[in-house]
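In what follows, a structure is listed as structure tokens, so that the remarks can point back to it.
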Amino acid sequence: NMKGQGRNGVCLYDCQLQTQDILKLQLRDRLKKAIAEQMISVCYQPIIHTQTGQIVKFEALARWHDDIQGDISPAVFIPIAEKYGLINQLGMLVLHQACQDLKKIHALGYDSICFSINRSVKEFINSGQDECICDVIQQYELPNSSIVIEITETTASKESRYIHDVLARFKERGILVALDDFGTGYSSLGAIIDLRPDIIKIDRSFITEIESNIGSQTLVSLVLELSHKLGIKVVAEGVETKAQLELLMGMNCHYIQGFYVSRAKPIEACINMLMNESTLMTSDV
Ligand code: C2E
Ligand code: MG
Ligand code: MG
Ligand code: MG
């Protein structure tokens, strides 16, 4: 601890913290501006059905290019949006863009394709957000069944009681719910039984280690076994190699997502992917 050790009585430790806070506030202000000016874009990453090799869904992922700092990761700006009350507006921006883009895909005849949308639990704390989501989907005349809401499990478990109602309301309207980043939070297996999501997305960290770590492999196979019994679909996130894909297929994992198939791309590139689908599983993107 550097406290009190600075020259002229200035505290270095606190000054460092202060600099970080100022940078964060600057980033918040630029994010605020970017949201207001609709400078947040959306890219989409395909989710593949392992049995058929076909794209069934795309996950919508927010992208922010800042003029000063360049591309800023959602891992950085989503927490800032949550902390400073910008997450609802950001979420709505992404939803509108995604609905517009899904409309394009359906119009081309790929009308069984679904989009997955990420939602922070904070977006549901102001009640009515789930209704807003349904209203937007309706506004674009998309079937509710073409949208999946992905919620991170860490937060979902914390807000378990509350989130239970939100999930029920989505399900009532035929909107599917996925537990995202599964395995990274607490009460993993408990959350499956308690929340009964439609889909579970196993976190990338387990897939990365699936060959080398018996613990990770065991978790994946347990989640698959439990999910099969309960009629829940499973997506493996972050599949990067053919070996991982083959292991997962051997375990009867329904869906995979990861750089092995494709990174998240702009809508035009995704439409091209759909049009050239037969070559997807054999190419190393
Ligand atoms: P997530 O929902 O778990 O999304 C998957 C993340 O893993 C994405 O990162 C994706 O690019 C990355 N990924 C996918 N396959 C691979 C792979 O094979 N290898 C590696 N190394 N990474 C892979 P991204 O786009 O940086 O997003 C990070 C997180 O930010 C997301 O994690 C999600 O929690 C959050 N996020 C993104 N967009 C939104 C949004 O519109 N709203 C909210 N609330 N959160 C969002
Ligand atoms: Mg997600
Ligand atoms: Mg995830
Ligand atoms: Mg993640």
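The values are calculated or read from the model by the stated rules, or taken from the named source; none is laboratory data. Remember, predicted model here, so these are calculated numbers, not experimental data. Every residue, glycine as well, gets a Cβ built from its backbone with ideal geometry; the counts of neighbours run over all protein chains shown. What goes into the accessible areas is simple: the full protein's heavy atoms, side chains included, and nothing from ligands, DNA or RNA. Shrake-Rupley method; radii C 1.70, N 1.55, O 1.52, S 1.80 Å.
General remarks:
- Within the range 211-250, the set of residues being open to solvent by 10 Å² or more (accessible area, probe 1.4 Å), in a loop (DSSP other than H, G, I, E, B) and either over 24 Å from GLN45 (Cβ atoms) or within 16 Å of ligand 4 (Cβ to nearest atom) (or both) comprises SER212, ASN213, GLY231, GLU237, GLY238, GLU240.
- In a residue-by-residue description of the range 268-278, the property of being within 16 Å of ligand 3 (Cβ to nearest atom), modelled with pLDDT of 95 or more and open to solvent by less than 30 Å² (accessible area, probe 1.4 Å) applies to no position.
- Exclusive hit being away from ligand 3 (no atom under 16 Å from the Cβ) and within 25 Å of ILE256 (Cβ to Cβ), set HIS106, HIS164, HIS65: HIS106
- Out of ILE55, ILE78, ILE117, one residue alone is of a type in the set (A, V, I, L, M), under 19 Å from SER262 (Cβ atoms) and within 16 Å of ligand 2 (Cβ to nearest atom). It is ILE117.
- Evaluated against (1) touching a residue at least 40 places away in the same chain (Cβ under 8 Å); (2) farther than 26 Å from ILE125 by Cα; (3) away from ligand 2 (no atom under 16 Å from the Cβ); (4) out of contact with any Pro (no Cβ under 7 Å at 6 or more places or on another chain), MET273 falls short on exactly one condition, (4).
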